[in-house]
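Accompanying notes for the structure given below.
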Amino acid sequence: MADADPYLGFAARYDAFRTDAPERRAFFERLLVRHCVRRVLDCACGTGDDLLLFRSLGLRVEGSDLSDAMLTLAGAK
């Protein structure tokens, strides 16, 4: 079926493959401050971890993803 969500069975385990990296936060903070970013659209936001990071930096955020399963998890966060 062409419309099937390929992440349906994987979305719940997706975050287990990511590691917490303080240098990632520092990188984004420097980049976003340097360019005076106030809003972020995260395309392919997955489960929303980067959206949470950006929001914690005081930005307005929106996320999109082709996977409904991923968006469901992002919305719950």
Within the stretch 10-27, the residues that are closer than 12 Å to Met70 by Cβ and either exposed (fewer than 10 other Cβ atoms within 10 Å of the Cβ) or among the basic types (Lys, Arg) (or both) are Arg13
Reported set for the stretch 25-52 where residues are aliphatic (A, V, I, L, M) and touching a strand residue (DSSP E or B) at 6+ places or on another chain (Cβ under 9 Å) is Leu32, Val40, Leu41, Ala44, Leu51, Leu52
Top-ranked residue in the stretch 38-48 [being exposed (fewer than 14 other Cβ atoms within 10 Å of the Cβ) and among the hydrophobic types (A, V, I, L, M, F, W, C); ranked as nearest to Leu73 (Cα to Cα)]: Ala44
Select, from Thr19, Thr47, the only residue that is under 19 Å from Pro6 (Cβ atoms), without any contact (Cβ under 8 Å) to a residue 60 or more places away in the chain and either under 13 Å from the mean Cα position of the chain (by Cα) or in a loop (DSSP other than H, G, I, E, B) (or both). Thr47
Could you tell me whether Arg30 is exposed (fewer than 15 other Cβ atoms within 10 Å of the Cβ), in a helix (DSSP H, G or I), at pLDDT 95 or above and under 13 Å from the mean Cα position of the chain (by Cα)? no
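The values are calculated or read from the model by the stated rules, or taken from the named source; none is laboratory data. Here the structure is a predicted model, which is why all the values come from computation and not from measurement. Heads up, the Cβs are rebuilt from the backbone with ideal geometry, glycines too, and the neighbour counts pull from every protein chain shown.
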